[in-house]
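Take a look at the structure set out below.
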Amino acid sequence: MKFSLKILLWTIIIMALALGFSGFYFVNYVFETSLEREVGQAMDESSILGFAFETAALSVPAKYSVLPDNTVEEIASNLERGGQSTRRLLRISDETKDVLYASDGFEMDDALLLQTEKNIKTYRIIQVGEKYYVHTGTTVNALNRILYLENMKDVSEVFTERAMGFSLYRRVTLVMLFAGMVIMHFISSLLTKPVRLLTEATKRMAAGDYAYRAKKISQDELGELTKDFNSMAEALEQNIEKLEEEIEAKEEFMGAFAHELKTPLTAIIGYADLLRSHKMDEEKSIMSANYIYTEGKRLEAMSLRLLDIIVAGKEEAQLQTVQAETIFGYLKDMFYGGRDMEFVFSYEQGEILAEVNLIKTVLVNLIDNACKASETGSRIEINGSLLEEGYRFAVRDYGIGIPEAEQHKITKAFYMVDKSRARSKNGAGLGLALCVEILKIHQSKLEIESRAGEGSCFSFVLGKGGDLG
């Protein structure tokens, strides 16, 4: 059952119970009040009849010392007809409670009569057919006789009014319940609208529409729930986009890796088959062997780079304090005189916080990429400067540069701006991807400044040695 229907159902149940009990109490209260008033009037009328009977008995001739029975009947008959628009129902009994006079239609048992004693007034409410009466009893002292006077007062109208009250209240209750049901249906629909919107949002998201957001239509707890749900959906969408990007990157990586393997393997297999199946002169044999050796070394270098990236992405750096001069001394020894390039080293003295071998790998890769992007004899600058936030390394070349549209892609594995140029120099597009992974575990990142045809500058900042501990 829907939540809005539950609210509606319970509201109608509570309203029905409340209206039912309150209506029953109200009608019964009016009925009991009216009946109590009628009983009071009946008791007063009984007293008046008794007084009237005693007064009438005083007019009996003095020759009677005891009120005769026929006189009792005559007085009772006069009282029955007198002073009322309708005939009274009376019954008079003697001292032994034998009936002396009874009005036509007075057919009551003697239960009340037996309870009536001298100076004791009694009453009861009885039903005769479809009518209700207040049956009263009292004693009359008339001319040395104690008589018992009973009177029946018709109170059917009070019971009729109660029945009409219940009937009217039932109709009013039904109308109010129907009106309440319509109003509560509107209110419950309004109150549960945020829940319905959230349900719609979850269905849309489950169907793959992760950009869909639930509309916030209230400022209460449900509104806060909608806000939190949208925040959760935003985080979920970002995570899914990140996963999709990672999956896409892995697919691109696998495609590029397969392509990079295919080129050297084709050359290796081709030249190996040529050596195996043809007898060639010494010069062609050496050339074929050289191709096999060159492509094999490229495969070896690419495999080692991939391994370095995998390891760098999983391990934590073992940081230690080292002098910047030590790292620059290593770079000078490696690159001076080894290539047909003009290397310019400039650096400030200072301590850095790093894992030395990994940072050496980063700088070697950056310098190696600078060499591949530059023509023979070009100038390559390796700079180190002490900043307030740390120590900055920078490698600048004046080679082919990188177009701005491609700068965000070059740190991906196997991506090369100029593929033919990179492959001609045994490049596989893995150097910068490795640098990014190593800098990541040093809490640093690679900054790139480049313009096509003007060269590039790759830099990063490491913590100072004084920051350790």
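Inter-label distance, MET181 to ILE247: 5.1 nm, where each label sits 7 Å from its Cα along the C-beta direction.
Spin-label pair GLU73-SER34: with each label point 7 Å from Cα along the Cα-Cβ axis, the two points sit 4.0 nm from one another. When the residues LEU236, LEU177, LEU17 are ordered by accessible surface, computed with a 1.4 Å probe over the protein chains alone, the sequence from largest down reads LEU17, LEU236, LEU177. For THR294, the solvent-accessible surface computed with a 1.4 Å probe is close to 40 Å², ligands and nucleic acids excluded. For the range 97-148, the pair-distance distribution built from all alpha carbon pairs, in bins 5 Å wide starting at 0, is 4, 17, 28, 25, 15, 7, 3, 1 percent. When the residues VAL436, VAL356 are ordered by accessible surface, computed with a 1.4 Å probe over the protein chains alone, the sequence from largest down reads VAL436, VAL356.
Starting from a Cα-only point model with no solvent, please compute log10 I(q)/I(0) by Debye for the range 124-168 at q = 0.15, 0.25, 0.26 1/Å. Values returned for q = 0.15, 0.25, 0.26 Å⁻¹ are -0.51, -0.85, -0.88.
Compared with the alpha-carbon gap, the fully stretched path from MET287 to SER218 is longer by 16.9 nm at 0.36 nm per residue. Once the Cβ-Cβ distance of ARG379 and GLU406 is raised to the sixth power relative to R0 = 25 Å, the FRET efficiency obtained is 0.60.
The charge dipole of the range 110-203, taken about the Cα centre with unit charges on the Cβ atoms of Lys, Arg (+1) and Asp, Glu (-1), comes to about 420 debye, rounded to the nearest 20. Each Lys and Arg Cβ is given +1 and each Asp and Glu Cβ -1; about its Cα centre, the range 130-254 then shows a dipole of about 1380 debye. Comparing the range 34-148 with the 2.2 N^0.38 Å rule of thumb, its C-alpha radius of gyration ratio is 1.05 (two decimals).
Between ILE14 and LYS445, the C-beta separation translates, for a Förster distance of 45 Å, into a calculated FRET efficiency of about 0.10. Per the Kirkwood formula applied to alpha carbons, the range 128-259 shows a radius of gyration over Rh ratio, Rg over Rh, of 1.70.
When all protein chains stay in place and ligands, DNA and RNA are ignored, the 1.4 Å accessible-area order of LYS360, LYS250, LYS440, largest first, is LYS250, LYS440, LYS360.
For the range 16-79, the convex hull drawn through the C-alpha positions has a volume of 92 cubic angstrom per residue. Projection of the Cα convex hull of the range 112-206, averaged over all directions and equal to a quarter of that hull's surface, yields 12.2 nm². Ligands, DNA and RNA excluded, the heavy atoms of HIS185 present near 100 Å² of accessible surface to a 1.4 Å solvent probe.
The values are calculated or read from the model by the stated rules, or taken from the named source; none is laboratory data. This one's a predicted model, so the numbers in the text were calculated from it and none came from an experiment. We place every Cβ from the backbone using ideal geometry, glycine too, and count neighbours over all the protein chains shown. Just so you know, the surface numbers come from the protein's heavy atoms only, side chains and all, with ligands and any DNA or RNA stripped out. Shrake-Rupley method; radii C 1.70, N 1.55, O 1.52, S 1.80 Å.
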